[in-house]
Structures are given as structure tokens and as C-alpha cells.
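Student: I have a structure here, written as C-alpha cells, and I will follow up with some questions on it.
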Amino acid sequence: GWSIQLHAGPNGHTLIDGEFCTTYLACRLRNEPEATYRARVMNDLTAGEIALQNRGLITGRSITFALPFDDWGFSVASLDPVPANFLPGYLASKFLVVFEQDWGYRPGYNRRYRFEIHEDTTLPALVAALN
């Protein structure tokens, strides 16, 4: 059967005014201390899970997560290593599977390819993605 799983907390799909990038989970705000960044990310994901629990959509915690914008923080790691050093390991410790749309960075971190189903998705396309 199908089950609902976490994709983002209340702010997870928000674009921010980051110093080197703009995605909420994988970027620090300008002059944001590392501890504040980590707490912001953890609190957002926890709030997302609580919202799903309060609506009766999940019991316990999410076991999978679809990473917004496919942004692990690797793309700007040379400019700001904090997100890339924290986010992948944190997500892998929290979720058994982290779905992404691309395989462009590196293996590990419980990463799996995310296939999106849309109104025009055909059954052969779905079967091909699952195989």
C-alpha cells in the first residue's frame, strides 16, 4: 500500500537569502551561526513530522524523506562547508531512505532515486522507473 511520508517542514520549500545559495535546508542565512543553522533544520523537519502526526497521516516518525530541491549543500561546499558537512549525515541518521531526483553528487546517505508521478505518467514509465 501507499503511505504519506515527509517531504518538507513548514519552511522546507522556502527560498532564503543565503550568503551562497537560497534553499532553506541546505543553505545558511547570512551570518547564521552553525548551531543556529543546525537547530533551524532539525526544528523544521520535526515540525513537519508533528504536522503529519496531528493530521493522522503518520504514526510515529517518517521513515523516508524527499529532499526539497535535491539540495544536499554539496554545490556550495567550497564556499560554505557547514551544510554539506551536516545535512547529509543528519538526514541519513533520521530517515531510512532519502529520495532525490538526481544522482549528481555522490553515493551514500541512504539516497534513492525519486520518481515523480504526474497526471500524464504512463504505466510503462512507472514500471521502467521501478525496475
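Student: Looking at the range 56-76, which of the residues that are open to solvent by less than 30 Å² (accessible area, probe 1.4 Å) and more than 11 Å from the chain's Cα centre (by Cα) is farthest from Ala26 (Cα to Cα)?
Tutor: Ile58
Student: Among the residues of the range 8-17, count how many are more than 14 Å from the chain's Cα centre (by Cα) and surrounded by fewer than 15 Cβ atoms within 10 Å (Cβ to Cβ).
Tutor: 1
Student: Scan the range 112-124 and report the pairs whose first residue is in contact (Cβ under 8 Å) with a residue 12 or more places away in the chain and whose second residue is open to solvent by less than 100 Å² (accessible area, probe 1.4 Å) and hydroxyl-bearing (Ser, Thr, Tyr), with Cβ atoms within less than 9 Å and a gap of 6+ or a chain change.
Tutor: Hits for this filter: Arg112/Thr64; Phe115/Thr121.
Student: Scan the range 18-55 residue by residue and report those that are at pLDDT 90 or above, of a type in the set (Asp, Glu) and open to solvent by 20 Å² or more (accessible area, probe 1.4 Å).
Tutor: Within the range 18-55, just Glu34 meets the criteria.
Student: Phe95 fails exactly one of the following numbered conditions: (1) among the aromatic types (Phe, Trp, Tyr); (2) modelled with pLDDT of 90 or more; (3) open to solvent by 40 Å² or more (accessible area, probe 1.4 Å). What is the number of that condition?
Tutor: (3)
The values are calculated or read from the model by the stated rules, or taken from the named source; none is laboratory data. Keep in mind that this is a model prediction, so the values were computed, not measured. Virtual Cβ from ideal backbone geometry, glycine too; neighbours counted across all protein chains shown. Please note that ligands, DNA and RNA were not included when accessible areas were found on the heavy atoms of the full protein model with its side chains. Shrake-Rupley method; radii C 1.70, N 1.55, O 1.52, S 1.80 Å.
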